[in-house]
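A short worksheet on the structure shown next.
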Amino acid sequence: MTAPAPLNKTIYTWNFKACAVIAGLAGLFLLWRFFFGIGSVSNMNDGYPWGIWIAYDVVVGTALACGGYAMALLVYVFNKGEYHPLVRPALMTSLFGYTLAGISVMIDLGRYWQAYNIFLPWHSNLHSVMFEVAVCIGTYVMVLWVEFAPTILEKYKAEQLRVRLNRVIFVFIALGILLPTMHQSSLGTMMLMAGYKLSPLWRTGFLPLLFLLTALLMGYAIVMVESFICQAWFKTPSEMPLLSKIAEFIPWLLGVYLLIRLESVNLAGNLALAFNGSLQGNMFLLENALLIAAFVILVQPKNRVRSKMLFLASSAIVLGAALYRIDTYIIGFDPGTGWRYFPSVPELVITLGVVATEGMAYMWVVNKLAVLPKAEHA
Amino acid sequence: MKERDFARVQEKLNGISRRDFMKFCTVMAASLGLPLADASRLAAAVTAPRRPPVIWIAGQACTGCTESLLRPSHPTLEHLILDLISLDYNETLNAGAGYQAEAAMQASIKENYGKFILVIEGAIPVKDGGVYCMIGGRPFADIVKETADKAAAVIAIGSCASWGGIPAAAPNPTGAMGAPEFLKGKTVVTIPGCPPNAYNFLSTVIHFLTFGKLPALDDKARPRFAYGRLIHENCERRPHFDAGRFAVKFGDEGHRKGYCLYKLGCKGPMTYANCPAILFNDVGSGAWPVGTGHPCFGCTESGVGFTIPLHTQASLKYITPAAGHPPITEQRGSGVSVGAAALVGAVAGAVVGGGAMVLKNLEKEDAAAPKKDEE
């Protein structure tokens, strides 16, 4: 494996420009949102106060950004140094994912100018799940910037600062593992609060654990997907040997998840709801079918060394776990008495803009900073 | 017991004094273990006018009507035939048989000439001289004609006796007809139903006993109290009809949820009867055909029951299902728009497309290094 290096290719490709157009469009809608209010761009209502800005941008977005958390757990807690080349790209995705999730919350907050109060201890409500998530994610965004700082400092040759930071960075790495453990499970607790508004197919006391497990699963899976995409896109060298090793323990994690997920519904006697042909039932089936398919692929050792199968399995995990989170937050949620929700076009464009911004930032950073492994014949 | 009541019967009791008679009743009550107050009830029962005799004859019938009569619990069968009426002849319930039974019937008719109630069960075949139903060697049609002339009132029980029912269904090979048609010019009360509800029969009889006349009848000679309303009007599934919720197939979701059976051919909208109001067999709610999930087939309605096929949709007399219904809860918030659906579709397409491109790239890699992978 070669050391990470800037790609130093053309940044302003066709892909970059497409992302810029989407982000620009989202920017226009954002202006609209800040001048005329959330109701003017979004379909969110009193029944569904959380739309895709929360369900996708925050709940799925931060889970997709759990690559940094998952890899840090592997490298620093389980002391598996050989995975270190995967940490930097993972950390970078985490950085973007969490930063943009934080920005999305600001877009979603009706009175965003009050948000700073979260960090004033004399205003804290320590019994609130939402407070826990807000403080935790807010702090983690800062921690991620510190964790990623060495890469930036390298680029600008701030050697003295980098060396000084390296002496204390272990504190931030530790925090970087603690904080996601806390808030990723709390994302599940939030929907536990919804009580009977949540369909029995998702309502279980295991929600926090299931959210934590999906965060880890998506973390590892997105690291793989990302590696394969970079390989196709930026022609970076294959990381198959490392990815195959990660793939070895994913079935264990996924197996435990599926066991808890399906048994919690089954033991409550609600599994029949999955087969009643309703949207909720079908989404439950789709979500679990994707994860079971990934499990079936990865449980066979011969598939774990084939990049094609690995890509399929990791994509299925990302999609299935993301669907689990969207189902829990929107599709399985019924506030009752006729409320319905589907995101409006401006709402969707703003979310797409967030994704496009992430893509642009990714393309810019990998070309300028030493994140991805250098291609052998570049 | 009043002095004048006793005077009426004194002669029959061999001229004993009222005081002696009351003493006798008191002793009887004591020996039967009854409270002394019952002595006066015994006295009243003994001196009451004779219970009205009922002659029940059956032609082309399945005895379902008689079976139905056995079911009521208020009054019970024994109270009915021992205390309220004197059921002098009924082929199904008779203890005796053959000439003995026929003789008993003739004796009763002779004794109660012009006073008894004649109940006709089953259709009357008239084709070929009525040979298709013979009782005691005589055509049923002759027996009906002969007995009806001597009766105080004639009641046709069941759909067969009312208009011919099943025996008269096309092609009607025996020339069966109902009692009203057969006994033209005579008032024949009809209690149609297959089987009829025994309470409708009993109520008619008790009305006759209490007031000495028949209850008000409709144009088909059915008592209005029982056949005045369409089944559809009192049906417990009516709200489903009004809300447009129908079972369309036996066992479908709507059927299991107890929706309206109109689309399965329920004849409730064109059949007059009180089935949904008084139910059957005193076993509680739901004990009637529609309540059990089967469409009404119109057994109380001449021209509907045994005539219109079971699952043909009924013609609605005056109530039609509403074209639209206000929702129970207001829709709030907005659903999916065309633009949003297109956008979500486009994104999904882009993700799948991108995935396919990555997959293609990886396939090349897998193909390039198959041996290395197997190690």
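Residues of the range A:40-55 being in a helix (DSSP H, G or I) and within 11 Å of chain B (Cβ to nearest Cβ), which ones?
Here is the first cut: in the range A:40-55, the ones in a helix (DSSP H, G or I) are A:40, A:52-55.
Of everything in the range A:40-55, just one residue is in a helix (DSSP H, G or I) and within 11 Å of chain B (Cβ to nearest Cβ), namely A:52.
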Test: residue A:261 is in a loop (DSSP other than H, G, I, E, B), away from every other protein chain (no Cβ under 14 Å) and within 22 Å of the chain's Cα centre (by Cα): no
Unique residue being out of contact with any Ser or Thr (no Cβ under 9 Å at 6 or more places or on another chain), modelled with pLDDT under 85 and within 10 Å of chain A (Cβ to nearest Cβ) when the list is B:341, B:346, B:323, B:367: B:367
Which numbered condition residue B:283 fails, given (1) touching a strand residue (DSSP E or B) at 6+ places or on another chain (Cβ under 9 Å); (2) free of Cβ contacts under 8 Å to residues at least 24 places away in the same chain: (1)
Answer from A:334, A:327 - the residue that is within 14 Å of chain B (Cβ to nearest Cβ), acidic (Asp, Glu) and touching a helix residue (DSSP H, G or I) at 6+ places or on another chain (Cβ under 9 Å): A:334
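Got a number for residues in the range A:338-351 being within 7 Å of another protein chain (Cβ to nearest Cβ), assigned to a helix (DSSP H, G or I) and surrounded by fewer than 23 Cβ atoms within 10 Å (Cβ to Cβ)?
Of the range A:338-351, the ones within 7 Å of another protein chain (Cβ to nearest Cβ) are A:338-345, A:348.
From what is left, the residues that are assigned to a helix (DSSP H, G or I) are A:345, A:348.
If we keep only those that are surrounded by fewer than 23 Cβ atoms within 10 Å (Cβ to Cβ) as well, we get A:345.
Residues in the range A:338-351 being within 7 Å of another protein chain (Cβ to nearest Cβ), assigned to a helix (DSSP H, G or I) and surrounded by fewer than 23 Cβ atoms within 10 Å (Cβ to Cβ): 1 in total.
Can you tell me which residue within the range B:215-245, out of those that are more than 20 Å from the chain's Cα centre (by Cα) and in contact (Cβ under 8 Å) with a residue 24 or more places away in the chain, is surrounded by the most Cβ atoms within 10 Å (Cβ to Cβ)? Even if it seems obvious, please write down each step before you answer.
Going residue by residue through the range B:215-245, those that are more than 20 Å from the chain's Cα centre (by Cα) are B:239-245.
Next, only the ones that are in contact (Cβ under 8 Å) with a residue 24 or more places away in the chain stay: B:241-244.
Numbers: B:241: 24, B:242: 13, B:243: 15, B:244: 13.
Ranking the candidates gives B:241 first.
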Selection from the range A:60-103 of residues that are free of Cβ contacts under 8 Å to residues at least 12 places away in the same chain and within 18 Å of residue A:213 (Cβ to Cβ): A:78
Residue within the range A:359-371 that is assigned to a loop (DSSP other than H, G, I, E, B), farther than 27 Å from residue A:197 by Cβ and within 22 Å of the chain's Cα centre (by Cα) present: yes
Considering residues of the range A:273-311 that are of a type outside the set (A, V, I, L, M, F, W, C), away from chain B (no Cβ under 13 Å) and part of a helix (DSSP H, G or I) only, the residue surrounded by the fewest Cβ atoms within 10 Å (Cβ to Cβ): A:282
Odd one out for residue B:268 among (1) touching a strand residue (DSSP E or B) at 6+ places or on another chain (Cβ under 8 Å); (2) loosely packed, with under 13 Cβ neighbours inside 10 Å: (2)
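Which of the residues that make up the range A:205-244 are small (Gly, Ala, Ser), within 14 Å of chain B (Cβ to nearest Cβ) and part of a helix (DSSP H, G or I)? Full working, then the answer.
Of all residues in the range A:205-244, those small (Gly, Ala, Ser) come to A:205, A:215, A:219, A:221, A:227, A:232, A:238, A:244.
Of the ones still in play, those that are also within 14 Å of chain B (Cβ to nearest Cβ) are A:221, A:227, A:232, A:238, A:244.
The answer is A:221, A:227, A:232, A:244.
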Residues located in the range A:159-199, provided they are crowded, with 17+ Cβ neighbours inside 10 Å and in a loop (DSSP other than H, G, I, E, B): A:194, A:199
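Could you tell me whether residue A:115 is part of a helix (DSSP H, G or I), surrounded by fewer than 17 Cβ atoms within 10 Å (Cβ to Cβ) and of a type in the set (A, V, I, L, M, F, W, C)? It would help to see each step written out before you state the result.
Numbers: part of a helix (DSSP H, G or I): yes; surrounded by fewer than 17 Cβ atoms within 10 Å (Cβ to Cβ): yes; of a type in the set (A, V, I, L, M, F, W, C): yes.
Spelling it out, residue A:115 is indeed part of a helix (DSSP H, G or I), surrounded by fewer than 17 Cβ atoms within 10 Å (Cβ to Cβ) and of a type in the set (A, V, I, L, M, F, W, C).
The values are calculated or read from the model by the stated rules, or taken from the named source; none is laboratory data. In this text the structure is predicted, and so the values were computed from the model without any measurement. Because the Cβ atoms are built from the backbone with ideal geometry, glycine has one as well, and the counts that use them run over all protein chains shown.
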